[in-house]
Amino acid sequence: MGNSNYALQAKNLNIYYGEFRAVTDVSMVVERHKITALIGPSGCGKSTLLRSFNRMNDLVPGARVEGELLFQDQNLYSPFVDAVEVRRRIGMVFQKPNPFPKPIYENVAFGPKVQGIRKKSQLDDIVERSLRKAALWDEVKDKLKKSGLELSGGQQQRLCIARAIAVEPEVLLMDEPCSALDPIATLRIEELMRELQEQYTIVIVTHNMQQAARVSDYTAFMMVNDKRSGELVEFDMTEKIFTNPADTRTEDYVTGRFG
Amino acid sequence: MGGILFFCGFLSIFTTIGVVVILGNQSLHLFNREQCVQAGGATAEEVFCGHATIGEFLTGTEWVPDQLKFGVLPLVFSTAMTSLIAMFVAVPLGLGAAIYLSEYATPSIRKTLKPILEVLAGIPTVVYGYFALTFMSPVLRDVLGQDTVRTFNMASAGLVMGIMILPLMASMSEDALSAVPRSLREGSAGLGATKLETTIRVVVPAAISGIIAALIISISRAVGETMIVAIAAGASPNFTFVPFDYAETMTGHVVRISGGENPYDSVGYNSIFAIAFLLFFITLALNIVGRYLVTRFREVYE
Amino acid sequence: MNHVAFLNWLLVSLYLVDVGILSTPIAVARKGYSPRLGSVIGAGAGLIGALAGLFIFTPLLGLVLQLLQAILGVFSDNIHFADDLKISFSLGAGQNILPIKFDIEADVPRDIAFLRSLVVGVGTYIGGMILLNLLWRFIPSQGAVTEATALRYNTIARQVRGRILQAHFMVAIVIAITVLMALMWNIIKGTFTMTAVSNTVAPESLTDGRSLGDIEEPELAQILVGNISGNRGRQLIQDYVWGVGDAEARDRKSEPLVEALGKGNWPEDLSVYVPNQDPSQEPEYITYQNLSKQPDVVAAILSYNLTTSDLETLVTAEVVQPFVVATWTLDRTLLDYKGIEKELDVINNSRRESDPDWNDARLQFRSWLSLNFVTQRLNAAPELTGMRNAILGSLLMISITALFAFPIGIGAAIYLEEYANDNWINRIIQTNIDNLAGVPSIIYGLLGLAVFVRTMRPITSGEVFGLGQGNGNTVLSAALTMGLLILPLIIINAQEAIQAVQPSIRQASFGLGATKWQTVWNHVLPYAMPGILTGTILAISRAVGETAPLVVVGASAFILKDPSGPFSRFTALPIQIYSWTEQPRDADKAVAAAAIILLLALLLTLNSIAILLRNRFERNLGRH
């Protein structure tokens, strides 16, 4: 199963909220140790699609997914797969930093503790390692007991990234992680993504095309169709999407002609 | 117009001042004036007189106004006992109901369940008193033995009081839990926590000051509750820690004494004011702390 | 105390089994046990721990206590809590519903025995927890498990734990619903009962076999007066026609009765003088004093002032005097009718032996809630009492409460929402209102007692208006007390309703040059009014059910006259529920149950109105 070069493979994915089809017929792949960006005008279903990658949509009453989503050759939406297990292996970072109102240490140790790790030394290790990977260790190592809410916005977002990688996921989903941050903090996060890419596969949703062009290896462009449902218009290497798109709609979007 | 309206608002201040001044003044009569009681019933003409002191009042373990014994501890103790029993019922059940309603119930289930709690909250306490005496006491006596449980006992009053307070505890805790932002729940779920782990480790701790506020307001409600204990807990002071024994509480005593004929400024009249004054300060302190916590909790998430 | 100890043990055991089921699967998943097996092992360990705790740790704890007692005994002779702390139990020997007899040294004072039963709980808990911890630590591993399997087991175990605990949370709701149902059923089974009724005088003997219902007023009055004493007849006039207390009646005993009762209450064709006097003397007026010797006058006045049904009730109450010998609640009536008949025979046989004039009691199904119960006035006998004066008293009181509290409540809410700046005094007012909402109702009762009943007596008794009888515990005092009690609730609710009105409405009004008051009066209040009314009705329904303040301000538990206005003495439904509940006999409790149904019906009506208003309010706001 490790032979496949793909971390995630979506096959004819349809996502419904009640009767409404929010995303129509998406087929795409996410390659290992690469950064894949989902772009598109707001309301095109890119966040919905991202949240379906780790079954986050299960939390929304009435949400339903049809089609296949393969992760290590297993369909994540098969009835034998536990959503909790999926979310442990495919982590998520949200649009607005959402650290728990707990000490920084507890924020990072939350995931491992929930998995059943109790040993103090082991937890200390994980916390330090995760904070280092998230490039936050030097800034917070002396105030691990302070509440995560006391950090700046950019630091909070990196804390959330540290929290997510503390459970050692294989894929990291990021839902517009920089939209609430200032440019300098944004830059830090982008650098961080490049570093994390060595160990993790990253999928990022962004409305900022420059960001997609800067950080991602692959880009998927989505748009709403005439039924107000999100569709995948084009999926390719980032470079190709931004320089020589196959679809005119993509070209219109990336050159800023609409959206 | 503004002046009249201001007066309407200010009337509430008068109420508070009235409570403090009048209750305080009347209770001071108990300590400042010489109190006299007739001893030995109708035949004896002897009159005993004496002074009550505030120290005796707060530390004495016997409450027999007719013998000039004004130790409020037995009444305070039974109030604490019934309230404690009530809390043992109301806190786990109220919190459980709140968690269920806020985290698990679908909107339609919530829509059917919440009115039930509202009905429970709207039932007059005298009806709960009837329930405690005619249902809870007999059940306790059947289950635990007639020799163990007396007809009037603190346990049945406390248990029913817990049921009475359950809706308050549940709705205040539910408000606190629902105020926790969705993003925290998602953050936790995104780390591979189950719904229960999210609830217990993230949502409840985040709402904890609101929940503590609910707890404190509930205690205050239990301490001030009157009719259930007046009907079911017994009609004479008793310094005991056995919940199956009778024991009159502060409120129960006030209601029983004021139900009889008490001439103005008599010993009985003044003594109930002293008890009520103490009760007022206990509940006021609890309420102030509770409200402070609620306000602080709101500030965190708004 | 044996049952208490057993219950303690049972609860702690349940808790231990619960902990075992919830925690063991996760603890042992790493060692290769499937979650289901883990649950079973955990439950077993919890149970074994509970037993070990009982048989090993409880006696150990007992030893510790005895040691402690020995040490403390050096300082004082009065310490006895651990003498003979023995524990024994046997199956199938228990009384009552528990099949297990469970003994902890009887014959000791209650509190010591209770302390000892707590020892059982604590000992069991310690033992059980130790065993569970040992299990989690030392359970043998099932050979090598791949990490993937361990992780999968772990996740499944956590999910299972989540589902079990979710059921725990639901239990809270289930308990709440169960209690609500038990409460309702308890009231219903107390209201509809089988009763055994016996008459003191057989009614047929009074009327030559005719039914009481066929007889006209004058004859009924004659039968009534002919069978009671003169003094009792006079008392009936005092209670039912004159309506004054004993003290006042004594003071005015020489006043001509026609003036005391008022011309309107005096039959036109009845002489105001004592009949058959010596015509040469100054004619003597009929007075309260000589009334007891004038049965015909009493009969005439009663028949003039009371309705046929009132008189019929009086004849039944005063002469026939049916009384309920025994009551059986609805559940027994439905399930154990034979048993009731047997009990009735026993009662009749034993009464007949001691009393030859005993009229055999007959079984009669009785709904204590009936039309008569609503329309008749109070009576000391549970079988005859009605709740009319209590219902009227409650209604009169809440009307006055509403008149008093509603305008002030709205005024305060408007002030706080529309006029008040954010300065210290207004903040104090707001905080104060919030705190007042949490003050126990009995405190308001004492405030009312001191202020309205005592200090403001001349006003609340109606003395300054030349009305009333000089006593301060009137409807008005109670209504004002209730007003103070619900004022904070009305204000808080009204504030919310005013806050819900959109600012745009205010701005539009100001834009047209309206003053603040015009804006509030013409635009804000109309939109907020349904919401304010909803809040007020909910607050009033709180006042309807409040009992403690009423007892304290001196509402009467027993009064025959209907309340005639704000300055009359009165009784109210909750007071009746309280006072009948306090009475010893089953029949009294049945009256309380029926009165509870009336009270709940009244509350239900008020709340339905509030809900209708609320729905309208939401529609109103929705339109803008």
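The values are calculated or read from the model by the stated rules, or taken from the named source; none is laboratory data. No experiment lies behind these values; they were computed from the predicted model shown. So basically every Cβ, Gly included, is an ideal-geometry build from the backbone, and we count neighbours across all protein chains shown. Each accessible area value is taken on the protein alone, full model and side chains, heavy atoms only, with ligands, DNA and RNA left out. Shrake-Rupley method; radii C 1.70, N 1.55, O 1.52, S 1.80 Å.
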To the nearest 0.05, what FRET efficiency results for residue B:182 and residue C:518 with a Förster distance of 56 Å applied to their C-beta separation? 0.85
Which net charge results when you count Lys and Arg as +1 and Asp and Glu as -1 among the other residues whose beta-carbon is under 12 Å from that of residue C:482? 0
So what is the accessible area of region A:20-97 per residue, in Å², with the probe set to 1.4 Å? 37 Å²
Within the accessible area of the protein assembly as shown (1.4 Å probe), percent carbon and sulfur: 58 percent
As straight-line cross-link partners of residue B:195, the qualifying aspartates and glutamates (C-alpha separation under 17 Å, not fewer than 8 residues apart within one chain) are A:58, A:82, A:85, B:103, B:174, B:186
With every protein chain present, what is the per residue accessible area of region C:204-375 (1.4 Å probe, Å²)? 57 Å²
For region C:276-291, in order, what is each residue's ³J(HN,Hα) by Karplus, 6.51 cos²θ - 1.76 cosθ + 1.60 with θ = phi - 60°, in whole Hz (x at glycine and Pro)? 6, 9, 5, x, 6, 8, 4, x, 8, 5, 6, 10, 4, 5, 8, 4
Given labels modelled 7 Å from the Cα in the Cβ direction, how far is it in nm from residue C:307 to residue C:251? 3.3 nm
Ignoring everything except DSSP H segments at least 4 long, calculate the 222 nm mean residue ellipticity for chain C; use -39,500 (n - 2.57) per segment, divide by total residues, nearest 500. -20000 deg cm²/dmol
Which value, in debye to the nearest 20, gives the size of the charge dipole of the protein assembly as shown about its Cα centre, when Lys and Arg are +1 and Asp and Glu are -1 at the Cβ? 4520 debye
Normalise the Cα radius of gyration of region C:204-375 by 2.2 N^0.38 Å (N = residues in it) and let me know the number. 1.35
In the structure shown, of A:120/A:141; A:120/C:31; B:114/C:189; A:34/A:133; C:263/C:293; A:102/B:114, the pairs separated by more than 28 angstrom at the C-alpha atoms are A:102/B:114
Taking the Cα centre of region C:511-624 as origin, sum charge times position over the Cβ atoms of Lys and Arg (+1) and Asp and Glu (-1), and report the length of that vector in debye to the nearest 20. 460 debye
Sort by residue number and report every cysteine in chain B with no other cysteine beta carbon within a distance under 4.7 Å. B:8
Residue C:616 and residue C:270 label points (each 7 Å along its Cα→Cβ direction) are spaced in nm at 4.8 nm
Solvent-accessible area lost in complex, 30 Å² minimum, residues of region C:171-196 relative to chain alone, 1.4 Å: C:172, C:173, C:175, C:176, C:177, C:179, C:180, C:182, C:183, C:186
Using the basic label-point model (7 angstrom from Cα toward the beta carbon), what is the residue B:292 to residue C:150 distance in nanometres? 4.9 nm
I'd like the trypsin sites (Lys or Arg not before Pro) in region C:171-252 restricted to DSSP loop residues with at most 13 other Cβ atoms within 10 Å, sorted by number. C:210
Can you give the local net charge around residue B:267? Use residues other than it whose beta-carbon is closer than 12 angstrom to its beta-carbon, Lys and Arg +1, Asp and Glu -1. -1
Chain A: longest stretch without exposed chymotrypsin sites (Phe, Trp or Tyr not before Pro) (DSSP loop, at most 16 other Cβ within 10 Å), sites themselves excluded? A:81-257
Set the Förster distance to 30 Å, then compute FRET efficiency between residue A:78 and residue A:195 from the Cβ-Cβ distance, nearest 0.05. 0.35
If you take every residue apart from residue A:231 with its C-beta less than 14 Å away from the C-beta of residue A:231, what net charge results, scoring Lys and Arg +1 and Asp and Glu -1? +1
Sorted by chain and then number, the residues having a modelled amide H within less than 5 Å of the amide H of residue A:222, at least 5 places away or on another chain, are A:39, A:40, A:233
Say a site is exposed when it is one of the GluC sites (Glu not before Pro), sits in a DSSP loop, and has at most 11 other Cβ atoms within 10 Å; what is then the longest site-free stretch of chain A? A:20-197
How big is the antiparallel share of DSSP beta bridges in region A:147-243, given as a percent to the nearest 5? 60 percent
Treating the angle as unsigned and between 0 and 90°, give the value, to the nearest 10°, between the Cα long axis of helix A:104-115 and the longest Cα principal axis of chain A. 70 degrees
Indicate the residues belonging to region B:200-223 that lose 20 Å² or more of solvent-accessible heavy-atom surface (probe 1.4 Å) upon moving from the chain alone to the assembly of all protein chains, ignoring ligands and nucleic acids. B:201, B:202
May I ask you to derive the FRET efficiency for residue C:259 and residue C:14 from their Cβ-Cβ distance with R0 = 60 Å, giving the value to the nearest 0.05? 0.20
Given the candidates C:277, C:295, C:206, the one whose Cα lies deepest towards the positive end of the charge dipole of region C:204-375, counting +1 at each Lys or Arg C-beta and -1 at each Asp or Glu C-beta, is C:206
Hey, can you list the residues from region C:518-558 whose accessible area shrinks by 10 Å² or more with all protein chains present, relative to the chain by itself (probe 1.4 Å, no ligands or nucleic acids)? C:545, C:547, C:548, C:551, C:552
Set of aspartates and glutamates with alpha-carbon distance to residue A:46 below 12 Å, sequence-local pairs under 8 removed: A:175, A:176, A:231
According to the square roots a ≥ b ≥ c of the eigenvalues of the Cα gyration tensor, what is the shape class of chain C, taking rounded for a/c under 1.5, prolate for a/b larger than b/c otherwise, and oblate for the remainder? oblate
Backbone N within region C:574-590 under 14 Å of label point (7 Å from residue C:353 Cα along the Cβ vector): none
Ordered by residue, what ³J(HN,Hα) values in Hz, to whole numbers, does region C:569-584 give under the Karplus form 6.51 cos²θ - 1.76 cosθ + 1.60, where θ = phi - 60° and Gly and Pro are x? 6, 7, 10, 9, 4, x, 4, 5, 4, 4, 6, 6, 5, 6, 6, x
Would you kindly state how much longer the chain becomes between residue C:370 and residue C:343 on full extension, computed as 0.36 nm times their sequence separation minus their alpha carbon distance, in nm to one decimal? 7.1 nm
What quantity of accessible surface, computed with a 1.4 Å probe and excluding non-protein components, is buried in total between chains B and C, in Å² to the nearest 100? 7100 Å²
Explain nothing, just the number: relative contact order of chain C, from Cα pairs under 8 Å at least 6 residues apart, as a whole percent. 13 percent
Here D for region C:130-241, in µm²/s, from Stokes-Einstein with a Kirkwood Rh over Cα pairs at 4 °C and 1.567 mPa s, works out to 56 µm²/s
Using a simple charge model, +1 on the beta-carbon of Lys and Arg, -1 on the beta-carbon of Asp and Glu, nothing else, what dipole does region B:80-301 show about its Cα centre, in debye to the nearest 20? 660 debye
Interface size between chain A and chain B, please: total buried accessible area, 1.4 Å probe, rounded to the nearest 100 Å². 1700 Å²
